[in-house]
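Asks: Below is one structure. I have some questions about it.
The values are calculated or read from the model by the stated rules, or taken from the named source; none is laboratory data. Bear in mind the structure is a predicted one, so any value in this text is a computation, not a measurement. Glycine gets a Cβ as well: all are built from the backbone with ideal geometry, and neighbour counts include every protein chain shown. We work out accessible area using only protein heavy atoms, side chains counted, and drop any ligands, DNA or RNA first. Shrake-Rupley method; radii C 1.70, N 1.55, O 1.52, S 1.80 Å.
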Amino acid sequence: MGPRGSALICGYTDYHRRLESCIAELKKKEDCLLCPTGFAANMALMVALGNVGSLLAAGKTPLTNEKIAIFSDALNHASIIDGIRLAERQKSVEIFIYRHCDMTHLNALLSSCTMRKKVVVTDSLFSMDGDFAPMIELVKLRKEHGFLLVIDDAHGTFVCGKNGGGVAEQYNCERDVDICVGTLSKAAGCHGGFIACSKRWKQLIQSRGRSFIFSTATPIPIVAAARASLIVARKETWRRREIWNRVQDFRVLTGIPINSPIISLIVGSEEKALQASQSLLKSGFHVTAIRPPTVPPNSCRLRVTLSATHTRDDIERFTAALSLCVNFQEIGIHGSNGGYARL
């Protein structure tokens, strides 16, 4: 499997460098840092952000207005939340949670914050609800308040945008995103995570992101496969086209106004979710019931993920089976209760 050590000792090879260069090009960033997983990537970045305040304070406890203010969407991924918790323990950051995709609330928090250095972090495409972050509004707020904009594009990479560059490409705001975190275990079909950023941010994360520093580097065969997946994603554009065709098919067949290939159908209790999941399995469809602690009580759901290899016939058969389990007119989508990512 190649040299087995951390990237900073002996685990980093020319294969890793080539993959980093490909991702940086895809994300329109100066450089990229490979991490063992997407979870580790978010942890490394958040901990590095926490170190900024400590470095600027030269080892002393920073004053309140010298700290880093981190603003996080209420439904961000658990890896962002856990990373923020670790950063907070360094006592050099202040955390502000804004209501899910609520730009009015975020603007109010930003406006009342006296700290000069601000960071806004959000999922670009939320994994349990399938809704997009309001990228255009975030870009406007970034120009107004001058914060560092960080997105976790785990579910947008290869799926969104003309070239598969992700949600930022889809909304034509790649240059307005300062740091883009992602994973190679979703649409890439491989393993690992990445942070696409400037060379200066890469140097900081390499020296301060403990989940990167003290983890074994990704094995060479996995890295080579991931690079091949980037080539496939760039050349075989029919894959993205087919995914979005299936989204349209599902929308037409059910009348449910979904926005992405991630479909979150809220059914309520654990019993209802499990019964529906078992019924679909008997019909030949594996749809997982999502239950607490991943989501709040009584907001259990069926989480459907569409792919490029699904056909129109697959969607017709699936929606027919689904209609026996749930009422399309009464089904809830995009959970509004929030909180499930807070563990």
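Asks: Could you order peptides 187-195, 39-47, 171-179 by the average number of other Cβ atoms within 10 Å of their residues, highest first?
Replies: Ranking, from highest mean packing down: 39-47, 187-195, 171-179.
Asks: Please work out how much length the chain gains when fully extended from D102 to R116, using 0.36 nm per residue of separation minus the C-alpha to C-alpha distance, in nm with one decimal.
Replies: Here the answer is 2.8 nm.
Asks: GNM, the chain, Cα, under 10 Å: largest mean-square fluctuation among S307, S279, S112?
Replies: Per the Cα network of the chain with a 10 Å cutoff, S112 tops the list.
Asks: Among rounded, prolate and oblate, which fits region 145-238 when a ≥ b ≥ c are the square roots of the eigenvalues of its C-alpha gyration tensor, a/c under 1.5 means rounded, and a/b larger than b/c means prolate? Write down the numbers at each step before the final one.
Replies: Numbers: a/c = 2.41, a/b = 1.06, b/c = 2.27.
Verdict is oblate for region 145-238.
Asks: Using the per-residue mean of other Cβ atoms lying within 10 Å as a proxy for protection, in what order, highest first, do the peptides 238-248, 70-80 fall?
Replies: My ranking of the peptides, most packed first, is 70-80, 238-248.
Asks: How much mean residue ellipticity at 222 nm does the chain get from its helices, if each DSSP H run of length 4 or more adds -39500 (n - 2.57) and you divide by all residues, to the nearest 500 deg cm²/dmol?
Replies: -12500 deg cm²/dmol
Asks: Here is a further query. Long-range amide H contacts for T288: which residues qualify at under 5 Å (H placed 1.01 Å from N, peptide plane, sequence gap of 5 or more or a different chain)?
Replies: When sequence neighbours closer than 5 places are left aside, the close amide H contacts are R303.
Asks: What does the charge count near K235 come to, summing +1 for each Lys or Arg and -1 for each Asp or Glu among other residues with Cβ under 15 Å from its Cβ?
Replies: That sum, taken over residues with Cβ under 15 Å, equals +3.
Asks: For the chain, what is the relative contact order in percent, using Cα pairs closer than 8 Å and at least 6 residues apart in sequence?
Replies: Rounded, it is 21 percent for the chain.
Asks: Does region 1-134 come out rounded, prolate or oblate by the C-alpha gyration tensor, with a ≥ b ≥ c the root eigenvalues, rounded set by a/c under 1.5 and, if not, prolate when a/b is larger than b/c and oblate if not? Present the calculation step by step, with values, prior to reporting the outcome.
Replies: Working: a/c = 2.24, a/b = 1.37, b/c = 1.63.
Oblate.
Asks: Run through region 81-130 and list the trypsin sites (Lys or Arg not before Pro) located in a DSSP loop whose Cβ has at most 11 other Cβ atoms within 10 Å. Kindly include the intermediate steps, with their values, before the conclusion.
Replies: Details: sites: R85, R89, K91, R99, R116, K117, K118; in loops: R89, K91, R99, R116.
The qualifying sites are R89, R116.
Asks: Anything over 18 Å Cα to Cα? Flag those among K91/K199; K27/K186; K28/K117; K29/K140; K29/K202; K27/K118, in the order listed.
Replies: Too far apart for the 18 Å limit: K91/K199; K28/K117; K29/K140; K27/K118.
Asks: Calculate one ³J(HN,Hα) per residue across region 191-198 by plugging θ = phi - 60° into the Karplus curve 6.51 cos²θ - 1.76 cosθ + 1.60, and present them in order as whole Hz with x for glycine and proline.
Replies: 7, x, x, 8, 10, 8, 7, 7
Asks: Where Lys and Arg each count +1 and Asp and Glu each count -1, what net charge lies around G146 among other residues with Cβ under 10 Å from its Cβ? Write down the numbers at each step before the final one.
Replies: Numbers: positive: R116, K117, K118, R142, K143; negative: E144.
Around G146, the surrounding residues sum to +4.
Asks: Using a 1.4 angstrom probe on heavy atoms only, work out the carbon and sulfur share of the accessible area of the chain in %.
Replies: Roughly 51 percent of what the probe reaches on the chain is carbon or sulfur.
Asks: Looking only at I205, I84, I315, which one moves most when the chain is put into a Gaussian network model with springs between Cα atoms under 10 Å?
Replies: Of the options given, I315 has the highest mean-square fluctuation.
Asks: Spelling out what I want: for every residue of region 66-78, take phi, set θ = phi - 60°, compute 6.51 cos²θ - 1.76 cosθ + 1.60 (Karplus), and round to whole Hz; glycine and proline get x.
Replies: Result, rounded to whole Hz: 9, 6, 8, 9, 10, 10, 10, 4, 4, 10, 4, 4, 4.
Asks: Need one word for region 14-235: rounded, prolate or oblate. Basis is the Cα gyration tensor (sqrt eigenvalues a ≥ b ≥ c); a/c below 1.5 gives rounded, then a/b vs b/c decides.
Replies: The shape class here is oblate.
Asks: When the chain is fully extended, how far beyond the present Cα-Cα distance does H145 get from E66, taking 0.36 nm per residue of separation?
Replies: Working: separation 79, 0.36 × 79 = 28.44 nm, distance 1.66 nm.
Going from the current span to full extension adds 26.8 nm.
Asks: Highest mean first, what order results for 6-17, 151-162 on Cβ atoms within 10 Å?
Replies: So the order, starting with the most tightly packed, is 151-162, 6-17.
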